[in-house]
Amino acid sequence: MPANLPPQYYEAEKRYRDARTNEEKLAILKEMWAIMPKHKGTDRLQGDLKAKISELKKEMQKPRTAHRRTYSRHVPRQGAAQVVLIGSPNVGKSQILSRLTKANPQVGAYPFTTQEPQVGMIEFEDIKIQLIDTPPITGDFIQPWLPPIIRSADLVLLVVDLGTNELLEEIDGVMERLEESRIKLVSKEPEEVGLFGDAYKKTIILGNKSDLEEAEGYLEALKDLYADKFPIISISSEGSGDWVKLKKEIYQALNIIRVYTKEPGKPADLKDPIVLKKGSIVFDAAKAIHKDFAHNLRYVRMWGSSKFEGQQVDRDHPLQDGDIVEFHV
């Protein structure tokens, strides 16, 4: 029986051969596994991929000596969520990173200043959100290790230059290049996953350089074409701007909530919230502490969105941002 592998599989296979680090190779192997159709014709290939993934994981678990250290472009997740900045050359991604975080990336007035992922932490109220600046994407080129980073992110910020009449063509180039890696930018993640390992990444378009004289006209053109597809936010990385508002927009787009805990007879801990997806229930909050703790749960008292303060609720009671829960086991 023929394997009938899609062209995206062979493209990923080529990127695997070009990968430099074990982290890159593992991410691409997982992508190949997701893309590959599962039927009798691919049984042998499935076995080979499983073996490669297993061997690579074992290799990565081995202690590394100093002379064997290599730089990894894999970005470990930190904070409440992971957000990635993408865009064409010279759109101002690095300046946005420095505005939203305490990071000090290299900023230059020439293309391709950013060659490696640059990481900072957005401080939003009582949580931190990881923000990753990435090398530019053009219609002709994307770094082979970049798609796995975008795939793993919770939110994409697509930065465009409101000072150029080529911004629409640049957006098309970025999207087309990502779609070749089975990544589709969307305003809302679909309920069902796509075929062959498609990744649907929730995206906000940031129209940068709004302080330029010609920016207003280009912003209108951007909205005419994309306002029904993506949220569009106008900013200026050179100006002061309302960066607190942008942080709030990012937080809301992540579809997460913060839930606080308290011990019986003590004040609530309002400094270290549990971060959960919107739509989570009381049992999810307990499970985030420890799965055994959740299974031993007898009842919960809740403050915030409950009808009465300190009301006893069931383990399947829905949670909202800012709720306080008191667990009884």
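Odds and ends about this structure:
- Pair list, Cβ < 7 Å and 6+ apart or interchain, from the range 51-64 residues that are within 19 Å of residue 33 (Cα to Cα) and at pLDDT 80 or above to residues that are loosely packed, with under 10 Cβ neighbours inside 10 Å and of a type in the set (D, E, K, R): none
- Filtered residue count, the range 221-241, keeping only those that are of a type outside the set (S, T, N, Q), assigned to a loop (DSSP other than H, G, I, E, B) and touching a residue at least 12 places away in the same chain (Cβ under 8 Å): 7
- Check on residue 284, surrounded by 13 or more Cβ atoms within 10 Å (Cβ to Cβ) and acidic (Asp, Glu): yes
- All positions within the range 303-329 that are assigned to a strand (DSSP E or B) and farther than 18 Å from residue 272 by Cβ: 311, 312, 313, 318, 328
- Counting residues in the range 276-288 that are modelled with pLDDT under 85 and not charged (D, E, K, R) gives zero.
- Residue in the range 207-214 that is out of contact with any helix residue (DSSP H, G or I) (no Cβ under 6 Å at 6 or more places or on another chain), under 20 Å from residue 90 (Cβ atoms) and without any contact (Cβ under 8 Å) to a residue 24 or more places away in the chain present: yes
- Test for residue 11: is it charged (D, E, K, R), touching a Pro at 6+ places or on another chain (Cβ under 8 Å) and touching a residue at least 40 places away in the same chain (Cβ under 8 Å): no
The values are calculated or read from the model by the stated rules, or taken from the named source; none is laboratory data. In this text, all values refer to a predicted model and were calculated from it rather than measured experimentally. Ideal geometry is used to build each Cβ from the backbone, glycine not excepted, and the neighbour counts take in all protein chains shown.
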